Amino acid sequence: MTSDIPFIRPTFPEPAEFAAEYAEIIENNWFSNFGPKEQQFRRALEKYVGHDVHAATFGNGTLALMAAVQACLGHGRPGQRLLMPSFTFVAVAQAAIWNGYQPLFIDVDADTWQPSIDSAREALARHGDEVAGVLLTNAFGVGNPQIDAWEALAGERGLPLVIDSAAGFGSRYVDGAPVGSRGTCEIFSFHATKPFAVGEGGALVSRDPEVVRRVTEFQNFGFDASRASVMLGLNGKLSEFGAAVGLRQLPGLDDRLASRQRVFARYVAELADEGLQFQHNAASSSLCFASVTCVDTDHKQRVLSQLESDGVQARDYYNPPIHRHPYFADVPALTTSMDLSVTSDLCARIVSLPVHDRMPDAQVERVIRGARVGTRR
Ligand SMILES: *Cc1c(COP(=O)(O)O)cnc(C)c1O
């Protein structure tokens, strides 16, 4: 049966809104290169996150992550590594490798599914000389409940803390501070699959204007103000079209996120007694989807196949974890001696349920019913 409840259902600006933007772009005679729309969008992002952050926009989240590593750490020397979880999207390891660093994969915390600070301490004890920085990921865009401890650890060790909050624009940390306001910098993706989407786009935000100045040079061929190429850069710019879509998406964002949070609250209310566990602090996140852990692999397979036969598209992010993708599995230097058993266990039990903006009640019911029937055999 084909799914009539898709995993992702993006929200687009109305055709008339986009037509108005398009007319203005033509009027401005400006396609790209930090034009009026990009400048306006960048200021709007800074205002949304608050906390005096500075922002740079990007053509996608992966470029923002590459720029973050380059600006915070420079290019890696042979043997230098970045701490990161394997339980995340492959772009995290790719951004490190393109900058000359090897990943050092750490395990995740069994309760929060976030990178484990104990695993990081162990990695530092064993490989401390090789570690140049930390690529912390906010798993599924959910603010890490232990962000204070991570900032303290990075501070103690003098390591830059680059935070990948790709799906988390609009999420909050447990103290209520917006995701985007912590670490050396944070990056976002505005990909079609994220709750705040422009199609292809991304941003980096930091309280340090110097970091933002460097990433802006990086994404513009390494050019400084006099158009001299002063660093190894590339083209990472967001077009005026992407910025214009972002400007139209931003005003309604909080309402849309609130509607997603109401869907999540129903999932929790109706499924938490069925042996399904939800992620800590997900309730105050932008909820790209709602992940749950099942009791065991069998349970997971039953839930997934029941949902599929009910026409509900579900997934199991991030399975496989990065180190089990062929490219990473086949490069012996990239594999690590760190214990990743919590990652493996989580991948064996995780199911990701769809969450849409303003999801109709009948669809929410169907997701709940499918997950419940799968649970009860
Ligand atoms: C989506 C995502 C990215 C990549 O963002 P793009 O905009 O698709 O390049 C990077 N990291 C994580 C954790 C993601 O979820």
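All of the numbers you see were taken from the coordinates with simple rules; none came from a lab. The shown structure was predicted, so the numbers you read here are calculated from the model rather than taken from an experiment. Reconstructed Cβ throughout: ideal geometry from the backbone, glycine too, with neighbour counts over all protein chains shown.
When Ile97, Ile117, Ile163, Ile106 are checked against the criterion of being under 26 Å from Val212 (Cβ atoms) and away from the ligand (no atom under 12 Å from the Cβ), Ile97 stands alone in meeting it.
Could you count how many residues in region 177-195 are more than 10 Å from the ligand (Cβ to nearest atom) and either out of contact with any helix residue (DSSP H, G or I) (no Cβ under 6 Å at 6 or more places or on another chain) or small (Gly, Ala, Ser) (or both)? First the steps, then the outcome.
Here is the first cut: in region 177-195, the ones more than 10 Å from the ligand (Cβ to nearest atom) are 177-186, 195.
Adding the requirement that they be either out of contact with any helix residue (DSSP H, G or I) (no Cβ under 6 Å at 6 or more places or on another chain) or small (Gly, Ala, Ser) (or both) leaves 177, 179-181, 183, 186, 195.
Result for region 177-195: 7.
Every residue, every condition in (1) surrounded by 21 or more Cβ atoms within 10 Å (Cβ to Cβ); (2) touching a helix residue (DSSP H, G or I) at 6+ places or on another chain (Cβ under 9 Å); (3) not in a helix (DSSP H, G or I), yes or no:
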residue	(1), (2), (3)
Val303	yes, yes, no
Glu308	no, yes, no
Val351	yes, yes, yes
Asp357	no, yes, yes
Glu365	no, yes, no
Thr375	no, yes, no
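Would you be able to tell me the number of residues in region 166-176 that are within 16 Å of the ligand (Cβ to nearest atom) and either surrounded by fewer than 15 Cβ atoms within 10 Å (Cβ to Cβ) or not hydrophobic (A, V, I, L, M, F, W, C) (or both)?
So in region 166-176, the residues within 16 Å of the ligand (Cβ to nearest atom) come out as 166-171.
Next, from what is left, pick out any that are either surrounded by fewer than 15 Cβ atoms within 10 Å (Cβ to Cβ) or not hydrophobic (A, V, I, L, M, F, W, C) (or both): 168, 170-171.
Counting residues in region 166-176 that are within 16 Å of the ligand (Cβ to nearest atom) and either surrounded by fewer than 15 Cβ atoms within 10 Å (Cβ to Cβ) or not hydrophobic (A, V, I, L, M, F, W, C) (or both) gives 3.
Taking the stated definitions as given, is Val212 touching a residue at least 40 places away in the same chain (Cβ under 8 Å) and either surrounded by 20 or more Cβ atoms within 10 Å (Cβ to Cβ) or touching a strand residue (DSSP E or B) at 6+ places or on another chain (Cβ under 9 Å) (or both)? Spell out how you get there, then give the answer.
Values: touching a residue at least 40 places away in the same chain (Cβ under 8 Å): yes; either surrounded by 20 or more Cβ atoms within 10 Å (Cβ to Cβ) or touching a strand residue (DSSP E or B) at 6+ places or on another chain (Cβ under 9 Å) (or both): yes.
It is true that Val212 is touching a residue at least 40 places away in the same chain (Cβ under 8 Å) and either surrounded by 20 or more Cβ atoms within 10 Å (Cβ to Cβ) or touching a strand residue (DSSP E or B) at 6+ places or on another chain (Cβ under 9 Å) (or both).
Where residues in region 196-238 are part of a strand (DSSP E or B) and within 14 Å of the ligand (Cβ to nearest atom), which of them is farthest from Gln39 (Cα to Cα)? Walk me through how you get there before you give the answer.
From region 196-238, those part of a strand (DSSP E or B) are 199, 202-206, 220, 223, 229, 235; that's our starting set.
Adding the requirement that they be within 14 Å of the ligand (Cβ to nearest atom) leaves 199, 202-204.
Details: Gly199: 18, Gly202: 14, Ala203: 12, Leu204: 14 Å.
Here the answer is Gly199.
Here's a check for you: in region 280-301, which residue that is out of contact with any Gly (no Cβ under 8 Å at 6 or more places or on another chain) and in a helix (DSSP H, G or I) is nearest to the ligand (Cβ to nearest atom)? Restricting to residues being out of contact with any Gly (no Cβ under 8 Å at 6 or more places or on another chain) and in a helix (DSSP H, G or I), the top hit is Ala282.
If we scan region 267-286, do we find a residue that is over 30 Å from Arg349 (Cβ atoms) and surrounded by fewer than 17 Cβ atoms within 10 Å (Cβ to Cβ)?
The first filter runs over region 267-286 and keeps only residues over 30 Å from Arg349 (Cβ atoms), leaving none.
Checked against the condition, which is being over 30 Å from Arg349 (Cβ atoms) and surrounded by fewer than 17 Cβ atoms within 10 Å (Cβ to Cβ), region 267-286 yields no hits at all.
Considered as a group, the residues in region 14-72 that are farther than 25 Å from Met84 by Cβ and of a type in the set (Val, Ile, Thr) include one that is nearest to the ligand (Cβ to nearest atom), and that residue is Ile25.
Of the strands (runs of 3 or more DSSP E) lying entirely inside region 45-154, those carrying at least 1 residues that are in contact (Cβ under 8 Å) with a residue 24 or more places away in the chain, under 20 Å from Asp339 (Cβ atoms) and touching a strand residue (DSSP E or B) at 6+ places or on another chain (Cβ under 9 Å) are 81-85, 102-106, 131-137.
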